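Everything below concerns the one structure shown next.
The values are calculated or read from the model by the stated rules, or taken from the named source; none is laboratory data. Source: prediction; values computed, not measured. These accessible areas exclude ligands, DNA and RNA; they are computed on the full protein's heavy atoms, side chains included. Shrake-Rupley method; radii C 1.70, N 1.55, O 1.52, S 1.80 Å.
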Amino acid sequence: MFGSILGKIKGVSGEDKVHKELVQKIAKMNLTDMKAYISDRMPDMSVDEDGISEIMTRLLKEDEKTSKRYINADDMDSKIKKGFDLVLTLLTNKKLTVLAIEQVDEFIKTYKEIIDSYDKKHKQIYGSRFKDALGKAVDLISLRAELNRKSKVIGQ
């Protein structure tokens with residue numbers, strides 16, 4: 001009785017339950033849905049740090065059975081482009097965290113061959129766009145951290 005009042009359900013805290021629901025919803029999303037989530041265009045879900053991290057985890061995770069990742073070199077060009085655009089959109093989100101930036105850096109390293117191949121084949125510049133967006137995201141996180149430090153100093 002008291003567990004349900006305090007937000008615990010069968011030994012799982014409310015926060016854990018919300019996180020598991022988020023993971024389940026993101027696991028069912030395609031790239032278009034993920035981009036809509038990151039752009040905060042999904043009425044039933046609001047963007048948060050865990051969701052951003054979970055999307056990056058999904059893009060980076062290798063399937064144990066097939067040894068393939070979410071985006072592969074032999075995928076259709078439209079899927080590769082949507083995946084790249086999703087990551088670029090993610091880098092502009094205001095809920096971006098240091099963990100997500102590290103995951104994007106890992107994404108760039110993991111998919112470097114696909115990025116280079118796509119850029120060469122389609123005369124695109126995703127390689128430099130990723131680098132620029134990552135730099136801006138790091139600057140934004142640094143600025144946010146400095147503002148937090150200054151506000152703490154003023155508040156004391």
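Data for the structure
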{"quantity": "Accessible carbon and sulfur surface of region 44-84 relative to its total accessible area, %, 1.4 Å", "calculated": "45 percent"}
{"quantity": "In Hz, Karplus ³J(HN,Hα) per residue of region 50-56 (6.51, -1.76, 1.60; θ = phi - 60°; x = Gly, Pro)", "calculated": "5, x, 4, 5, 5, 5, 5"}
{"quantity": "Hz values of 3J(HN,Hα) by residue in region 113-121 - Karplus curve (6.51, -1.76, 1.60), Gly and Pro given as x", "calculated": "5, 5, 4, 4, 5, 5, 4, 5, 5"}
{"quantity": "Top of S39, S117, S78 by mean-square fluctuation, Gaussian network on the chain, Cα under 10 Å", "calculated": "S78"}
{"quantity": "Which listed pairs, of K68/K112; K68/K109; K25/K136, have C-alpha distances above 25 Å, in listed order", "calculated": "K25/K136"}
{"quantity": "Å² per residue, accessible surface of the chain at 1.4 Å", "calculated": "68 Å²"}
{"quantity": "Cα long-axis angle, helix 14-27 against the chain (0 to 90 degrees, to the nearest 10)", "calculated": "20 degrees"}
{"quantity": "Three-way shape call for region 77-125 based on the alpha-carbon gyration tensor, with the a/c threshold at 1.5", "calculated": "prolate"}
{"quantity": "Surface/4 of the Cα convex hull for region 18-156, nm²", "calculated": "9.8 nm²"}
